[in-house]
Amino acid sequence: RSISIESVMALQPTLILGTEKDMSPELLEKIKKSGVEAHVFNQEFTPDGTKKLIADVAGVLKNNNYKTLQDEIDDDLKKVNVIANAPKVLFIYARGANMLMVSGTNTPVDRVINLAGGKNAISGFEDFKPLTPEALITGNPDVILMFNSGLESLGGKEGVLKIPGVDKTNAGRNKKIIAMDGGLLSGFGPRVGEAAARLNTLLQENAK
């Protein structure tokens, strides 16, 4: 979202594709005025929304070989197993110990958690907010979920356990901390079914 029109035009594109969530209104307006053919899509964070986005992009590119990607989403989602007593999952976005955010509802990660058979430990707000000990204790997650990069920025699981409040949660007491590739977990692209199936497997393993 911080990209400038100058850096876009420096690449001399003949076609620009993007989603509304990935660019500021100011950049979108400048792209429209640039004279370059541009298509900006509204991305809906559901499997059907992803399949529509695939079809929309393929339509612009005049490529009719996109149904395989759509079918792969459905095939991967069939691998998701129902988890008895769906675990409460808290997603923490971290860029070091001084940059900690938690996911509320209606984020891509929130939707993948639900697709994977879990439930978001946070339901009182949408989007992301700074992590607080109070939010941790109130949400009392069974599992803490992070990006691989975020977990690494904290020095691994031991760093997560040092976050104030984590030790007072079920996840902290049982050391149930899992991580996934950030692009896979939050991209909601053609691998969204794979993301849900992978998270489902991790949640089942940590339910034992």
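Taking a label point 7 Å from the Cα of ARG173 along the Cα→Cβ vector, which residues of the stretch 70-100 have an amide N closer than 15 Å to it?
Answer for the stretch 70-100: 88.
At a 1.4 Å probe radius, carbon and sulfur cover how many percent of the accessible area of the stretch 81-208? Can you show the working numbers first?
Working: 2910 of 5940 Å².
Roughly 49 percent of what the probe reaches on the stretch 81-208 is carbon or sulfur.
Per residue, how much accessible surface does the chain expose to a 1.4 Å probe? Answer in Å², no decimals. Mind dumping the intermediate values first?
Numbers: 11380 Å² over 208 residues.
I get 55 Å² per residue for this part.
How many nm separate the modelled label positions at MET99 and ALA207, each set 7 Å beyond the Cα in the direction of the Cβ?
With each label placed 7 Å out from Cα toward Cβ, I get 3.5 nm.
Could you grab the relative contact order for the stretch 35-108? Cα pairs under 8 Å, six or more apart, rounded to a whole percent. Walk me through the numbers on the way to the answer.
Working: 33 pairs, mean separation 13.8, N = 74.
For the stretch 35-108, the relative contact order is 19 percent.
Angle, helix 47-61 long axis vs. longest principal axis of the chain, Cα atoms, 0 to 90°, nearest 10?
Taking the Cα atoms of the chain, the angle to 47-61 is about 20 degrees.
In nm, to one decimal, how far is the GLU126 label point from the LEU17 one, both placed 7 Å along Cα→Cβ?
It works out to 2.8 nm between the two label points.
Looking only at Cα atoms, what is the convex hull volume of the stretch 138-208 per residue, in Å³? Walk me through the numbers on the way to the answer.
Values: hull volume 6.0 nm³, N = 71.
It is 84 Å³ per residue.
Give me the three principal axis extents of the chain from the C-alpha atoms, as integers in angstrom, largest value leading.
Ordered largest first, the chain gives principal extents of 57, 38, 29 Å.
By how many nm would the segment from SER4 to ALA86 grow when fully extended, if each residue of separation counts as 0.36 nm and the alpha-carbon distance is taken off? Show your work: numbers first, answer last.
Numbers: separation 82, 0.36 × 82 = 29.52 nm, distance 4.28 nm.
That pair, SER4 and ALA86, stretches by 25.2 nm at full extension.
Before rounding to the nearest 500, sum -39500 (n - 2.57) across all DSSP H runs of length at least 4 in the chain and divide by the residue total; then give [θ] at 222 nm in deg cm²/dmol.
Numbers: 11 runs with 90 residues, N = 208.
Roughly -11500 deg cm²/dmol at 222 nm, from the helical runs in the chain.
In whole percent, what relative contact order does the stretch 55-208 give with Cα contacts below 8 Å and a gap of six or more residues? If you can, show how the numbers build up before the last one.
Numbers: 270 pairs, mean separation 42.6, N = 154.
Result for the stretch 55-208 is 28 percent.
How long are the three semi-axes of the equivalent ellipsoid of the stretch 36-150, in whole Å, if each is the root of 5 times an eigenvalue of the C-alpha gyration tensor, listed from largest down?
Working: eigenvalues 202, 72, 25 Å².
Sorted largest first and rounded, they come to 32, 19, 11 Å.
Only Lys, Arg, Asp and Glu count, each charged at its Cβ (+1, +1, -1, -1), so figure out the dipole size of the chain about its Cα centre, rounded to 20 debye. The partial results should precede the final answer.
Details: 25 positive and 25 negative charges, 100 e Å.
Around 480 debye, computed over the chain.
Mind checking which lysines have their C-alpha under 30 Å from LYS51, skipping anything on the same chain fewer than 8 residues away?
Partners found: LYS21, LYS30, LYS32, LYS33, LYS62, LYS67, LYS78, LYS79, LYS88, LYS119, LYS129.
What share of the DSSP beta bridges in the stretch 2-149 is antiparallel, in percent to the nearest 5?
Working: 6 of 17 bridges.
Counting DSSP beta bridges with both partners in the stretch 2-149, the antiparallel share is about 35 percent.
The values are calculated or read from the model by the stated rules, or taken from the named source; none is laboratory data. Please read these numbers as outputs of a predicted model, since none were measured by experiment. For neighbour counting, all protein chains shown are included, and Cβ atoms are generated from backbone atoms with ideal geometry for every residue, glycine included. The area values use the complete protein model at the heavy-atom level, side chains included, leaving out ligands, DNA and RNA. Shrake-Rupley method; radii C 1.70, N 1.55, O 1.52, S 1.80 Å.
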